[in-house]
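Undergrad: The structure's right below; bear with me while I get my questions together.
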Amino acid sequence: MEKKILFGRCPYVTAQKVLTGKWSMYILYLLSDGPVRFNELLRRMPEKMTHTTLSRQLKTLEDEGLIVRVEYRQVPPKVEYSMSEIGEKFKNVLSELEIWGNEYIEYLNGVQ
């Protein structure tokens with residue numbers, strides 16, 4: 001039996017594949033208030049992360065169309081990342097995830 005290709009057809013499979021990176025949602029959260037420079041993103045990550053790891057994650061999000069990379073031609077080089085038009089639509093999802101995440105934290109702490 002041939003497997004059904006669900007990417008691009010099923011919203012859950014499509015979203016899951018687009019957001020596969022460990023830090024993709026957190027990076028989108030950090031960009032939700034506006035453009036952020038690369039080194040600032042690196043500093044704001046909750047765990048120690050290498051330059052290469054963050055670069056790969058940002059490249060993936062850019063390739064998926066969720067973020068935009070703007071490089072300013074100056075010395076020293078300046079690069080900013082921001083949410084794309086389709087990425088901006090993810091803000092509502094981030095808000096709902098925040099609500100659910102806080103409720104789940106309360107559940108874990110036994111406060112109901």
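Undergrad: Kindly indicate whether E80 is open to solvent by less than 60 Å² (accessible area, probe 1.4 Å), of a type in the set (D, E) and in contact with a strand residue (DSSP E or B) (Cβ under 9 Å, 6 or more places away or on another chain).
TA: So E80 fits the description; yes.
Undergrad: Restricting to the range 83-102, count the residues that are loosely packed, with under 12 Cβ neighbours inside 10 Å, assigned to a helix (DSSP H, G or I) and of a type in the set (D, E, K, R).
TA: 3
Undergrad: Right, next: Would you be able to tell me the number of residues in the range 1-58 that are part of a loop (DSSP other than H, G, I, E, B), of a type in the set (S, T, N, Q) and either under 18 Å from K89 (Cβ atoms) or more than 14 Å from the chain's Cα centre (by Cα) (or both)?
TA: Residues that pass the stated criteria total 2.
Undergrad: Out of the residues in the range 54-77 meeting the condition of being surrounded by fewer than 16 Cβ atoms within 10 Å (Cβ to Cβ) and among the hydroxyl-bearing types (S, T, Y), tell me which one is farthest from L19 (Cα to Cα).
TA: Applying the filter and picking the extreme gives Y72.
The values are calculated or read from the model by the stated rules, or taken from the named source; none is laboratory data. Since this is a predicted model, take the numbers as computed values, not measurements. When we count neighbours, we look across all protein chains shown, and the Cβ atoms used for this are built from the backbone with ideal geometry, even at glycine. These area figures cover heavy atoms from the full protein model, side chains too; ligands, DNA and RNA do not enter into them. Shrake-Rupley method; radii C 1.70, N 1.55, O 1.52, S 1.80 Å.
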